[in-house]
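The values are calculated or read from the model by the stated rules, or taken from the named source; none is laboratory data. No experiment lies behind these values; they were computed from the predicted model shown. All Cβ positions, glycine included, derive from the backbone under ideal geometry; neighbour counts span all protein chains shown. Note: areas computed on protein heavy atoms with side chains; ligands, DNA, RNA excluded. Shrake-Rupley method; radii C 1.70, N 1.55, O 1.52, S 1.80 Å.
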Amino acid sequence: MSYGFLHGTTVETGYGACAIERMRTGDRVLTLAGKMERIAWVGHTTLSAREVARAPGLKPVRMRQGDLWHTAPSADLIMAPEQGVVISSGPGQAASRVVLAKALPLGATRLPVLYDLRFTHLVLERDGLMLINGLWCQSLIANNVVDHARYETQAVIDRLAS
């Protein structure tokens, strides 16, 4: 399950940082390539304590401000455990690899979920790396939108059945 980033997280746009939950299809975000890329799809998910109790692997990951180096992330970042994050040797350095949040080194922790949490996931048309709370993070790419929409539909069906 990829449920994105906790509401209140910021994404860098052409007009500055914006709360991720305010982003809409067609808005543009800054990519690692230095281009502004259109958002092809926006998904919202609520993660409940009940769901996490049933499937502990869903616990979100928190990186505290400055966990990677003093400038990144620029604020605490709470995200899905399957979220891809770019790890580099330091600010302004070339990216060395993408790591899943659940496998991040340095201080990243899995959070218990005590109440419902709202998350947003963005899907970009092309370049899948966007600046989230000052840290380059992966997005799904538009050719995965149909699969992701199918997943979201199935998730709603599963919730109604439980």
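Just a few scattered comments:
- For the stretch 4-119: accessible area per residue (Å², 1.4 Å): 51 Å²
- Surrounding net charge for GLY134, when Lys and Arg each add one and Asp and Glu each subtract one, Cβ distance under 12 Å: -3
- 17 Å cut-off, amide nitrogen to a point 7 angstrom out along ARG38 Cα→Cβ, residues in the stretch 107-126: 122-126
- Dimensionless Rg/Rh of the stretch 1-125 - Kirkwood Rh, Rg from C-alpha atoms: 0.96
- SER88 accessible area, assembled protein chains, probe 1.4 Å, Å²: 20 Å²
- Relative contact order (percent, whole number), the stretch 1-56, Cα cutoff 8 Å, 6+ residue spacing: 24 percent
- Taking the protein heavy atoms of the stretch 1-105 in the context of the full set of protein chains, the accessible area attributed to carbon and sulfur is 50 percent at 1.4 Å.
- Contact order for the stretch 10-131, expressed relative to its length and based on alpha carbon pairs under 8 Å spaced 6+ residues apart, stands at 32 percent.
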